Amino acid sequence: MKHSIATRMEHIAPFHVMKLLARAKELEAQGKIVVHMEIGEPDFDTPAPIVMAGINALDKGYTHYTPALGLNELRVAIANFYKSNDGIDVDKNRIVVAPGSSSALQLVCGVVINPGDEVILTDPGYPCNKHFVQIAGGIPTFIELDEQNNYEITLDDVKNKWTNNTRAIMLASPSNPTGVLIDTKTLDDIAAFAEQKNAYLILDEIYHGLVYDEDVKSFVGRCENVFIINSFSKYFCMTGWRVGWLVAPAEFIDSIDRLAQNIFLAAPTVAQHAALEAFQPATLDILESYRKEFKERRDYLYHALNDLGFGMKGKPQGAFYLYANSARFSSNSFQLAEDLLENINVAITPGIDFGKHLAQEHVRFAYTRSMEQLELGVSRLASYLK
Ligand SMILES: Cc1ncc(COP(=O)(O)O)c(C=O)c1O
């Protein structure tokens, strides 16, 4: 039989960095010490209280399905966290637990986008979003963000991209790959503009806990036409447990429930019980110490890369990424990433993984490794690039 793969798969691009990661593994197998600055997840293991809660959940036999919208206690705990951490009241019935924010984003796309609807995204941006839009039958359109403007988005950018078919705008704050935080006034303006047009703001706050210089509140509850996405993956160091959540307008909850029942039934039960421990003071103390360490790493790497000649206008406020202009060293970011891996065993992510706009002239550094590792990486880069 001649197999034919669905045409939608023509649009689903792989992460180019995976090729580099595979090569890094080969080099490590040969005994080389690779400095990993490509990895988009915390190097810290899940805090011990969360792990213990997971073990206890298994011991107690919590191995059956939960409701599709999530464990009631966890939805309540998330609502309570918005209250204690951000001072925001949110009805727990508007909170949906999903297998990672990846699934939360797919749920939102599933209940918001009609075939042919346009969804505005950013370039550079989180690469999966355009695929989620396309799988739902939507058409992604892109606002190109520039180094000169510090990769910041404005209301005018949104207005310029808007057409009669625009149904939603999807943003992340802080962003992957730029680490840039969108200020609340700009988000207010964008959400209000979308509301006038009967459209939605889908805001990914997955890096919300990892903001370093200011105390930023979640955007939950500020406008009625907003979906907020979050996850236990990054700040809470639970990538492999697969638990995330979303806060949706109340009118959408029934549809989200039906879609969740059909596409994944529920987030992993043990992981949901473990996540209950994430908001306890002892865990938050541990996470706060990790956040401080990320801040030190950001400060160090930002200055070190600037000194080496990588272009960055402002210091990004959050996430654990630095998106740098590498045009001084190469006009082909993938080639540059390959050269650095082969010659000095430093792994970074090429800009082409985050979009098309000036992607060949940018690379992403993740500071998800210890200070010693980052210093080793910088000293190798310094000798190689000079
Ligand atoms: C901006 C952004 N959103 C969502 C995700 C998906 O995370 P998860 O599905 O682990 O919650 C990631 C992962 O890197 C991300 O960077």
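The values are calculated or read from the model by the stated rules, or taken from the named source; none is laboratory data. Fair warning: this is a prediction, and the values are worked out from it, not measured in the lab. Note that we place each Cβ from the backbone using ideal geometry, even for glycine, and neighbour counts take in every protein chain shown.
Under the condition of being away from the ligand (no atom under 13 Å from the Cβ), part of a loop (DSSP other than H, G, I, E, B) and among the aromatic types (Phe, Trp, Tyr), the residues counted in the stretch 197-250 number 2. Every listed requirement among (1) out of contact with any Gly (no Cβ under 8 Å at 6 or more places or on another chain); (2) surrounded by 23 or more Cβ atoms within 10 Å (Cβ to Cβ); (3) closer than 25 Å to residue 292 by Cα is met by residue 174 save one, (1). Any residue at all in the stretch 20-37 that is within 21 Å of residue 206 (Cβ to Cβ), within 20 Å of the chain's Cα centre (by Cα), in a loop (DSSP other than H, G, I, E, B) and not assigned by TED's automatic domain parsing to the domain that holds residue 273? Scanning the stretch 20-37, I find at least one residue that is within 21 Å of residue 206 (Cβ to Cβ), within 20 Å of the chain's Cα centre (by Cα), in a loop (DSSP other than H, G, I, E, B) and not assigned by TED's automatic domain parsing to the domain that holds residue 273, so the answer is yes.
When each of 97, 108, 90 is tested for being surrounded by 19 or more Cβ atoms within 10 Å (Cβ to Cβ) and assigned to a strand (DSSP E or B), the lone residue that passes is 97. Scanning the stretch 167-196 for residues that are part of a helix (DSSP H, G or I) and of a type outside the set (Ser, Thr, Tyr) gives 185, 187, 188, 189, 190, 191, 192, 193, 194, 195, 196. Collect the residues in the stretch 353-368 that are surrounded by fewer than 21 Cβ atoms within 10 Å (Cβ to Cβ) and in contact with a strand residue (DSSP E or B) (Cβ under 7 Å, 6 or more places away or on another chain), keeping them in residue-number order. 356, 357, 361 - these are the residues of the stretch 353-368 that are surrounded by fewer than 21 Cβ atoms within 10 Å (Cβ to Cβ) and in contact with a strand residue (DSSP E or B) (Cβ under 7 Å, 6 or more places away or on another chain). Among residues of the stretch 117-135 that are assigned by TED's automatic domain parsing to the domain that holds residue 320, none has a Cβ under 8 angstrom from a residue that is part of a helix (DSSP H, G or I) and away from the ligand (no atom under 14 Å from the Cβ) at a sequence gap of 6+ or on a separate chain.
From the list 248, 260, the lone residue that is buried (at least 20 other Cβ atoms within 10 Å of the Cβ) and touching a strand residue (DSSP E or B) at 6+ places or on another chain (Cβ under 6 Å) is 248. Taken together, the residues in the stretch 168-196 that are over 25 Å from residue 99 (Cβ atoms) and either within 16 Å of the ligand (Cβ to nearest atom) or not hydrophobic (A, V, I, L, M, F, W, C) (or both) amount to 14. The residue pairs whose first member lies in the stretch 7-26 and is within 12 Å of residue 38 (Cα to Cα), whose second member is among the aromatic types (Phe, Trp, Tyr), and whose beta carbons are closer than 8 Å, counting only pairs six or more residues apart or on different chains, are 16/334.
Within 12 Å of the ligand (Cβ to nearest atom), at pLDDT 95 or above and out of contact with any Lys or Arg (no Cβ under 7 Å at 6 or more places or on another chain) - does that describe any residue in the stretch 251-260? Checked the stretch 251-260: no residue is within 12 Å of the ligand (Cβ to nearest atom), at pLDDT 95 or above and out of contact with any Lys or Arg (no Cβ under 7 Å at 6 or more places or on another chain). Selection of the stretch 117-156 for residues being over 19 Å from residue 315 (Cα atoms) and out of contact with any strand residue (DSSP E or B) (no Cβ under 7 Å at 6 or more places or on another chain) yields 127, 128, 131, 132, 135, 136, 137, 155, 156. Filtered by the rule that a residue be part of a loop (DSSP other than H, G, I, E, B), farther than 30 Å from residue 318 by Cβ and among the β-branched types (Val, Ile, Thr), the stretch 42-68 gives 63, 66.
Of all residues in the stretch 147-166, those satisfying the criterion of being in a loop (DSSP other than H, G, I, E, B) and modelled with pLDDT of 95 or more are 151, 152, 153, 154, 162, 163, 164, 165. Annotation: of all residues in the stretch 308-340 being more than 16 Å from the ligand (Cβ to nearest atom), touching a residue at least 60 places away in the same chain (Cβ under 8 Å) and not in a loop (DSSP other than H, G, I, E, B), the one that is nearest to residue 383 (Cα to Cα) is 308.
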